[in-house]
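Quick notes on the structure that follows.
All of the numbers you see were taken from the coordinates with simple rules; none came from a lab. Model, not experiment: these values are computed from the prediction. Positions of Cβ are generated from backbone atoms using ideal geometry, with glycine treated the same way; all protein chains shown enter the neighbour counts.
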Amino acid sequence: DRYDISVDYGTQNACTFGLFGYHAASNKHYLIDEYYYSGRTTGRQKTDKQYSDDMIEFIKKNNVYPSSIIVDPSAASLKAQLRQDGITTKDAKNDVMQGIKNVMFRLHNNQYFISEECKETRREYGLYSWNDKITDKDEPLKENDHACDRDRYYFQTIYPIKSGYTAQNKNAGW
């Protein structure tokens, strides 16, 4: 019923786009396709123009017109380039803990499914972990989190859950 693209931006860290589909009758969300590029892994950074060109190709490849393109709120230079190239963006809502709870809720209630083709997303979900060195609050490690952040942006921006939701067990993973 609806398609959206969500983006977590990175230059050395990974930059990832996710194409999400939503089926209203079943209240189910699907990660259909991903784009994932890591300057650290490849040893070569991309420019904002290259990422914008990659976004245009990603949209063409999937043959969809997304309802929104949600972008990491701190990615000012990428958003400017996308706008220059005719792509309208929406700032992502970036409440980390509420976003994590939202994604967990969707996964645990069979409302979110990740295509087997989205190998980087599946890899990151398997590696995502909490920072055990911080004792006074819950905080995820800032590694292997790019696809997870992208997904969090999608759900928090377009499909937020009520703030009263609490995870049963944060260590249950995503």
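Some points to look at:
- Shown here is the pair-distance distribution of region 6-56: with all Cα-Cα distances grouped in 5 Å bins from zero up to the longest one, the shares run 5, 19, 25, 19, 12, 9, 6, 4, 1 percent.
- Protection proxy ranking of 4-13, 18-27 - average other beta-carbon atoms within 10 Å, highest first: 4-13, 18-27
- Spacing of the modelled spin labels on Y159 and N109, each 7 Å from Cα toward Cβ, amounts to 1.0 nm.
- Environment charge of N94, counting only residues whose C-beta is closer than 12 Å and scoring Lys/Arg +1, Asp/Glu -1: -2
- Additional length obtainable on full extension of the chain from D85 to E116, 0.36 nm per residue less Cα span: 8.1 nm
- Taking each residue as 0.36 nm, the span from K49 to N62 lengthens on full extension beyond its C-alpha to C-alpha distance by 2.7 nm.
- For S115, net neighbour charge (Lys/Arg +1, Asp/Glu -1) across residues whose Cβ lies under 11 Å away: -2
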